[in-house]
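Only one structure is covered here, and it is reproduced in the block below.
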Amino acid sequence: MKWVNHLAIAGSTTALVSPALVPVALLGSTAPDWLEWVLKALGKPVRHRTVTHYLLGWALLLAFGLGLWDFHGMVAAFAWGGLSHVLADACTVMGVPFSPHSDRRFHLFGGRLRTGGSGEYGVAWGLVAVCLVIAVLFKPHGGSGWYPFFYDWAGLYQSGVIDAKEWKDNRLKFF
């Protein structure tokens, strides 16, 4: 898949959970590819979609970030970005390796997408649209109340939940 689609998938799915972690997830969504460049610079060149694209490795990193230790969710967001990259690549014809010990490639949905093809863009931006619909559905009808993506500081002030000082301090913060 193209990087723009990896970025769109990781960014939109992460924004549903925590908009503040979107930049970390975006960095993770390109990590399987740029880690190949890092390994090459260190004198250990690897082929594309091999060592850095192990599905099991990214899944274990995500489990580690969620379950054992995480600093403000950054490890989990980075790992989610990497895992979303690998899962998206698993939808392509080439597929991805499951683990270092597997001799076959892992495919999702039969591996029917071609890199750069219209199907790839349709799946990625369709997922973005689904995330946008979910975000809109969670917005309260009155415009005030808790909205997990963008706070309505004016509505919170008018309903008496926050005071004038807190409204002034936060009115220009969009996330």
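Table for the structure above
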read-out: Of residues in segment 37-51 being within 25 Å of the chain's Cα centre (by Cα) and not in a helix (DSSP H, G or I), the one surrounded by the fewest Cβ atoms within 10 Å (Cβ to Cβ); value: ARG47
read-out: Candidates PHE78, PHE98, filtered to the one that is in the same structural domain as VAL24 (by TED's automatic domain parsing) and over 16 Å from the mean Cα position of the chain (by Cα); value: PHE98
read-out: Selected residue (criterion: nearest to SER12 (Cα to Cα)) from residues of segment 115-131 that are surrounded by 15 or more Cβ atoms within 10 Å (Cβ to Cβ) and among the aliphatic types (A, V, I, L, M); value: VAL128
read-out: Among (1) modelled with pLDDT of 90 or more; (2) touching a Ser or Thr at 6+ places or on another chain (Cβ under 8 Å); (3) not hydrophobic (A, V, I, L, M, F, W, C), the one test that PRO100 misses; value: (2)
read-out: Residue in segment 101-122 that is farthest from VAL46 (Cα to Cα), counting only those that are touching a residue at least 24 places away in the same chain (Cβ under 8 Å) and out of contact with any helix residue (DSSP H, G or I) (no Cβ under 8 Å at 6 or more places or on another chain); value: GLY116
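The values are calculated or read from the model by the stated rules, or taken from the named source; none is laboratory data. Nothing here was measured: the structure is a model prediction, and the numbers come from that model. Cβ: placed from backbone, ideal geometry, glycine included. Neighbour counts: every protein chain shown.
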